[in-house]
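Contents: one structure, followed by commentary.
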Amino acid sequence: SQQGEEDPQALSIQEGENATMNCSYKTSINNLQWYRQNSGRGLVHLILIRSNEREKHSGRLRVTLDTSKKSSSLLITASRAADTASYFCATAADTNTGNQFYFGTGTSLTVIP
Amino acid sequence: KAGVTQTPRYLIKTRGQQVTLSCSPISGHRSVSWYQQTPGQGLQFLFEYFSETQRNKGNFPGRFSGRQFSNSRSEMNVSTLELGDSALYLCASSLARPQGQYFGPGTRLTVL
């Protein structure tokens, strides 16, 4: 399976602390994206990093990509209770049936007020 | 702009029945993808439509099919429902690959 894996599966932190989640994948990719999902609802796109980029920032989010290790990390700084959600990485890769998205298993983040 | 909308939001069916789910993408978005989300398998890609043509397909049986209309609205059909088809079905639209996708709220299908 080309599905990514995320680590940790669950993370609980105090408000104000930083949260780091990692994503590993198996094949070459065109880009990697991070999404947030609140309690069984639709996903919200957070950030996209292309395969030729190493780091990207968006507000309190910082994403790194290491294609040699086939891994990415998402850092949320100064966390808030509203950041409580599941976070997924998704890789876009070319396959024999076209360009597909593969989602990771997700990290469940709980931010305690 | 209005976001991606999906109808219905909740659906209960029995084994053997068929179901059709609908997705309206963000205005101007021509790519529509469908995903199945279950606690055991996570998020799995079903298929993607672009300009009324199926452009990509995941590893799902032929009971799962879809189509896209000229206004980019898309429907997904599942025939001969099985208990294991119970899931949250998510639709996502984008302007073009490989941009980020905008997801709808999903349709929660329960098969009894």
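Nothing in this text is a laboratory measurement; each read-out follows from the coordinates by a stated rule. Since this is a predicted model, take the numbers as computed values, not measurements. Because the Cβ atoms are built from the backbone with ideal geometry, glycine has one as well, and the counts that use them run over all protein chains shown.
Structure values in brief
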quantity: Projected label distance in nm at B:Arg9 and A:Ser12, using a 7 Å step from Cα toward the beta-carbon; calculated: 3.0
quantity: Inter-label distance, nm, simple model (7 Å from Cα along the C-beta direction), B:Arg67/A:Ile112; calculated: 5.4
quantity: Spacing of the two label points (7 Å from each Cα toward its C-beta) at A:Leu75 and A:Glu55, in nm; calculated: 0.7
quantity: FRET efficiency for A:Asn38 and B:Ser22, using Cβ-Cβ distance with R0 set to 22 Å, rounded to 0.05; calculated: 0.45
quantity: Share of pairwise Cα separations in region B:41-102, more than 19 Å, in percent; calculated: 31
quantity: Förster radius 22 Å - calculated FRET efficiency between B:Ser79 and A:Glu5, Cβ distance, rounded to 0.05; calculated: 0.10
quantity: Value in Å of the Kirkwood radius, where region B:68-112 supplies the Cα pairs that are averaged; calculated: 12.4
quantity: Cα-derived Rg over Rh, computed across the protein assembly as shown with Rh taken as Kirkwood radius; calculated: 0.97
